[in-house]
1. Around SER14, which amide H atoms from residues at least 5 apart in sequence, or from another chain, sit under 5 Å from its own amide H, with H modelled in the peptide plane?
2. Can you compute the FRET efficiency between PHE266 and PHE58 using 1/(1 + (r/R0)^6), with r the Cβ-Cβ distance and R0 = 22 Å? Round to the nearest 0.05.
3. Multiply the residue gap between ALA230 and TYR417 by 0.36 nm, knock off their C-alpha separation, and tell me the result in nm, one decimal place.
4. How far apart, in nm, are the 7 Å Cα→Cβ label points at VAL309 and VAL393?
5. Using θ = phi - 60° and the Karplus curve 6.51 cos²θ - 1.76 cosθ + 1.60, what whole-Hz ³J(HN,Hα) does each residue of segment 335-340 get, with Gly and Pro shown as x?
6. Just to be sure I follow: if Rg is taken over the C-alpha atoms of segment 260-466 and Rh is the Kirkwood radius over the same atoms, what is Rg/Rh?
7. Apply the Karplus curve 6.51 cos²θ - 1.76 cosθ + 1.60, θ = phi - 60°, to the phi angles in segment 444-450 and return the couplings in whole Hz, x for Gly and Pro.
8. For segment 13-235, what's the relative contact order in percent, using C-alpha pairs closer than 8 Å and at least 6 residues apart?
Amino acid sequence: MNKEGVGGEGSVESLPAEEVRRGLKISTIEGASATIHGNLTGGSIFTQFLLTRGADDFYFAIMGGITTASNLAVLIGAFLSRKVLTKKGIVLVFSLITRVIICLTVALPFIVPSGYVLYSVLIAITVATILGSIAGNLWMGWMSDLVPRRIRGRYFAVRNRASMVAAITFSLIAGWFIDQFQAKTERGILSSALSVFGKPPFVSANLPYAFLLLYSVALIPAIVCAFLLARQPEPMRYYYFPNESSSFKESVKEAFSNIKFRRFLFFVCYFSFINSFASPYWMPFYIRNIEMPLQTIAILSALGTIAGVITIRTWGKLCDKFGNKPVIQLTLMVTTVHPLLYLVSTPNFWFPIYIDFISSGIMWNGFGLAVFNILLLVSEGKQKETYFALHSVVTTAVSAVGCFISGFLIKIIPPVYIGNYVLSNVQIIFLLTSVLRFTSLPMVNEIDEPNVKPPLYLLKNLFSAIRPQTASTEKSS
């Protein structure tokens, strides 16, 4: 086995090609298994569980802030990645503990006094998030060593596609299952058939047991992930860090002395801060305010994901042709409208939510790609990883603060009555988010990017840019 230098920070063992191929196959299956676990226990399923335990908007805001802040534990992972020779053991143990803790949260109502259930869940999820963040950071380093650079794009496209199929399939199954317990009446032939054994199972009184069963099933993919991680090969890395502390301080100083990076960081921090005002409330709004079934949410999420996958290449072309700044401005203008759709949505009128899911799947993909491209552009010097870490840490911190502030705002904002129309405090937060997103548009102009076109130029030439070119057009150009 060979050793290859990596960034002047050490060397990494080069595995035989057969071992690499085996590792990539294992990782693809592991990614799908992890996605299955996440879709059985997270998202709308977990939100529904919290709502059944009496969680209110303030609770969701505080949970959003604490769990977001817990992601700062990624710094611990970054520190460990420079100190340990092997990441496999930590990733395996921490990720398994994380998933087991998540599965056990639905058992807390059977163990903890009812008045302490939500507090216990908050503590459990915080611990799980911290351990998961550490494991995630180390896992990224592991995969960076395992996946050959020349095929990373293609490999992760395949891995993500497998995970997407798993996400769509199991989110629909989980949503359908929990939905069966939402009504207080019997549900269909299956419930009638099972009622011969006693009380019909698909009634709301049995919802706690439904969560317990679903999360117990989720333990299976959690164990499968641990088994696969144990079998996935890991190249051994050897480190040498002369004057490491001094080098890190210098790289941080270098990053903050970079005016291009500071301007970019100011924009993403402001946007992350204002966007976090509404982030804790989207899912509770679907379930509680407009009474949308979980399987409908799963279908809309799948459609949004598919729309994003279909259009991501188009966004790449637009970024290359017109620049990243106009793409950010275009997507911001559209996503500024999204929160306004929630002002007119009711239990009998879901159409605006349909628009939001599809449009969000398209627009946020373009926004994220353009922001990532600019981050790469403004990151200069030898220690680019420092720029990435600072971007992640600072945006995470301000997002957590935004969630906390939003939680206190939701407590003091009263509903607004306009004739027979009532604007709830959550909808006022959505309205505020829309206005604040609009205020971030001028900040994009301060970002340094050479040779970009104005956003109006992009709009005028949008359809001609994404239209497939004919052979004659390509020849003449």
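Bear in mind these aren't lab numbers, they're just calculated from the coordinates by the rules spelled out. Given the structure is predicted, the values throughout are model-derived calculations rather than measurements. Neighbour counts run over all protein chains shown; Cβ positions are idealised from the backbone, glycine included.
1. ASN2, LYS3, GLU4
2. In this case the efficiency is close to 0.15.
3. 61.5 nm is the gain from fully extending ALA230 to TYR417.
4. Those two pseudo-labels are separated by 3.6 nm.
5. So the Karplus estimates, Gly and Pro as x, are 6, 4, 7, 3, x, 5 Hz.
6. Checking Rg against Rh, the ratio lands at 0.99.
7. With coefficients 6.51, -1.76 and 1.60, one gets 5, 4, 7, 6, 7, 8, x Hz.
8. With pairs under 8 Å counted, the relative contact order is 41 percent.
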